[in-house]
Amino acid sequence: MKIPYYQVNSFTRELTGGNPAGVCLLDAWLPDMQLQAIAACHLLPETAFVVPGEPQLRWFTPSTEVDLCGHATLATAHVLFEHKGFDAAELKFDSRSGPLSVKRIGDAYEMDFPAKERLEVRSPVGLTSALGAEPNVVFDGHYLMAVVHDEETIRNLTPDLRELELMHAHAVMITAPGDDVDFVSRFFAPRMGVPEDYATGSAHCMLAPYWAEKLGKNTLSARQLSLRGGDIECEVKTERVLLRGSAVTFIEGEITA
């Protein structure tokens, strides 16, 4: 069986930037173990699976299925719009996080995602040591979120990924005000097989509402300071977050399953 396969770099206009995602276009759903095996083989942060014409969208890291993935959703929309000729005003998907939609806006895309709640907590034992920086404040929610004073701290961070893997959190992100954008971040998910993610859409479902309150504005510019980097524009609604970004196709081909 031949499966059309694309590798797309999301939240970038550069061929070698942003966050790479695999996109597999299926004729019908395969067993979960086979989907996971395909994702494990590619060793990308996420691989998305979709049956074109059906609404369900699923995402797998190299080690597990996840509830929400922004950059792989963007990549899937890019493939359907750019390569498969979908001309609808909006793509709508069903997911483990509920309904998601993506619009094409010029040469970029706008995703409508659920805002994620957060609760201020004491800094967990070992977090400062694991990150290599002491947070000013820590929030728990979909992910663990640490806030520090400045961009330089995040840019120069050299965390202990083994210690982060032992934290009782799906993933740990760290954020600060940006020098030339509203806020910056980095995102680590070694427990999910992703040591450091390059540009994480789902993280901004927590980050954007926090910074919207902090800065007193609903539209924000964000940059993820990973090795490849990523640029995300966020707009905070009441219970939703609009995430806008670009995508570039890196590979187009087929895999045999």
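The values are calculated or read from the model by the stated rules, or taken from the named source; none is laboratory data. Owing to the predicted nature of the structure, the values given are computational and were not obtained by experimental measurement. Every residue, glycine as well, gets a Cβ built from its backbone with ideal geometry; the counts of neighbours run over all protein chains shown.
Here are the numbers for the structure shown:
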{"quantity": "Odd one out for Leu166, checked against (1) buried (at least 19 other Cβ atoms within 10 Å of the Cβ); (2) of a type in the set (A, V, I, L, M); (3) over 28 Å from Glu233 (Cα atoms)", "calculated": "(1)"}
{"quantity": "Subset of segment 179-194 [of a type outside the set (A, V, I, L, M, F, W, C), modelled with pLDDT of 95 or more, over 17 Å from Glu134 (Cα atoms) and in contact with a Leu (Cβ under 9 Å, 6 or more places away or on another chain)]", "calculated": "Asp182"}
{"quantity": "Search result, residues across segment 131-161 that are touching a residue at least 24 places away in the same chain (Cβ under 8 Å), at negative phi and more than 22 Å from the chain's Cα centre (by Cα)", "calculated": "Ala133, Pro135, His149, Asp150"}
{"quantity": "Residue list for segment 56-82, filter: of a type in the set (Val, Ile, Thr) and either within 14 Å of the chain's Cα centre (by Cα) or within 17 Å of Pro114 (Cβ to Cβ) (or both)", "calculated": "Thr61, Val66, Thr73, Thr76"}
{"quantity": "Failed item in (1) buried (at least 20 other Cβ atoms within 10 Å of the Cβ); (2) among the aliphatic types (A, V, I, L, M); (3) within 23 Å of Glu196 (Cβ to Cβ), with Ile38 passing the rest", "calculated": "(1)"}
{"quantity": "Segment 205-224, residues that are among the hydrophobic types (A, V, I, L, M, F, W, C) and either touching a His at 6+ places or on another chain (Cβ under 7 Å) or surrounded by 19 or more Cβ atoms within 10 Å (Cβ to Cβ) (or both)", "calculated": "Cys205, Met206, Leu207, Ala208, Trp211, Ala212, Leu220, Ala222"}
{"quantity": "Residue that is farthest from Ala75 (Cα to Cα), among those in segment 1-25 that are in a loop (DSSP other than H, G, I, E, B) and polar (S, T, N, Q)", "calculated": "Thr16"}
{"quantity": "Single match in Thr175, Thr238, Thr200 (criterion: hydroxyl-bearing (Ser, Thr, Tyr), touching a Leu at 6+ places or on another chain (Cβ under 7 Å) and at negative phi)", "calculated": "Thr175"}
